[in-house]
1. How much length would be gained if the chain were fully extended between THR233 and ASP77, taking 0.36 nm per residue of separation minus their Cα-Cα distance, in nm to one decimal?
2. Multiplying the sequence separation of ALA43 and ASP140 by 0.36 nm and subtracting their Cα-Cα distance, what value in nm do you get?
3. On a straight-distance basis, which lysines could pair with LYS168 in a cross-link, Cα separation under 23 angstrom, same-chain partners fewer than 8 positions away excluded?
4. Quick one: which residues, 5+ away or cross-chain, put their amide H under 5 Å from the amide H of VAL48? H built at 1.01 Å from N.
5. Please give the length that would be gained between GLU65 and GLU222 if that part of the chain were fully extended, namely 0.36 nm times their separation in residues minus their C-alpha to C-alpha distance (nm, one decimal).
6. Please compute the modelled spin-label separation between HIS167 and ARG53, points set 7 Å along Cα→Cβ, answer in nm with one decimal.
7. Among THR227, THR173, what's the order by accessible area (1.4 angstrom probe), most exposed first?
8. What residues have an amide H closer than 5 Å to that of TRP127, excluding those fewer than 5 places away on the same chain, when H is modeled at 1.01 Å from N in the peptide plane?
Amino acid sequence: MTGSLPSRLLPALTALALVAACAPEPPPSRSAAPMGISPQIAAVYGPVQDGERVIPAVPPQYLAEHKIRREVDYWTDQPPGTIVVDPYARYLYLVQPGQRAIRYAVAVGREGRGFSGDAVIPIKREWPRWIPTKSMIEEDPEQYGPYRDGMDGGLSNPLGARALYLHKNGKDTYYRIHGTNDVSSIGQATSAGCIRLWNQDILDLYARVQPGTRVVVLTEAESGRGTVPAGNTLPPRVAGLDPVAPPGETAATMFFTERF
């Protein structure tokens, strides 16, 4: 393998910059979402000019209703501005005033399900660099060896357009919230990786989040918390990759923004 990124690697990479936590592997296949999306959704998830780069549109077949960024009812005692990640429901919530939240669909790997509790975002990066870990290079030197010095940010970089770095007690958790170059993975539980969003969604979240933002990552037992009022029974977890009735959907409003 030489300087250009091999095609077999491009959709698979979800690794994190300078960390061992989010090693890339191909996500499982899934069925396509219904076609016929609205012009509003098509515009939100269409091509985005970001400096000298143009982020491609999310293909319509992946824009299922439960994956679209939207504002939903969200009952929590966390203050507005807090990020709540539910790795098992595969949603990220940005808490808003009035028991509401902006909900983003995410893809989650086993590393993303391995961290829970509180963290803080001290650093955020545009078009972050990615460096394969030592273990990745040792396991597959042909594939990862050429990138031992890192890959510059760009459309083929597995971290996507933006990354939010999580620290706990002043130390790096090696846990990231970032974009992706694999649009088909969003909404899935993948075999590897941390928390990633469509580039269009990470751009929106990145613009709303400042250094010092608190992040709460739910455990499996806590999954679904906030989607019903306190004291109510949490909705049952649905087997498979796609929920039948996404939490908060009945009171949801489509959420569109020009921030990205």
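1. On the way: separation 156, 0.36 × 156 = 56.16 nm, distance 1.71 nm.
Gain on stretching THR233 to ASP77: 54.4 nm.
2. Details: separation 97, 0.36 × 97 = 34.92 nm, distance 3.99 nm.
Extra length available between ALA43 and ASP140 comes to 30.9 nm.
3. Output for LYS168: LYS124.
4. ILE55
5. 54.1 nm
6. In this crude label model, ARG53 to HIS167 measures out at 2.4 nm.
7. Highest to lowest solvent-accessible surface, that is THR173, THR227.
8. Amide H neighbours of TRP127, under 5 Å, 5+ apart: ARG162, ALA163.
The values are calculated or read from the model by the stated rules, or taken from the named source; none is laboratory data. None of these values were measured; they are calculated from a predicted model. In this analysis, Cβ positions are derived from the backbone assuming ideal geometry, glycine residues included, and neighbour counts consider all displayed protein chains. Heads up: the accessible areas ignore ligands, DNA and RNA and are worked out on the full protein's heavy atoms, side chains in. Shrake-Rupley method; radii C 1.70, N 1.55, O 1.52, S 1.80 Å.
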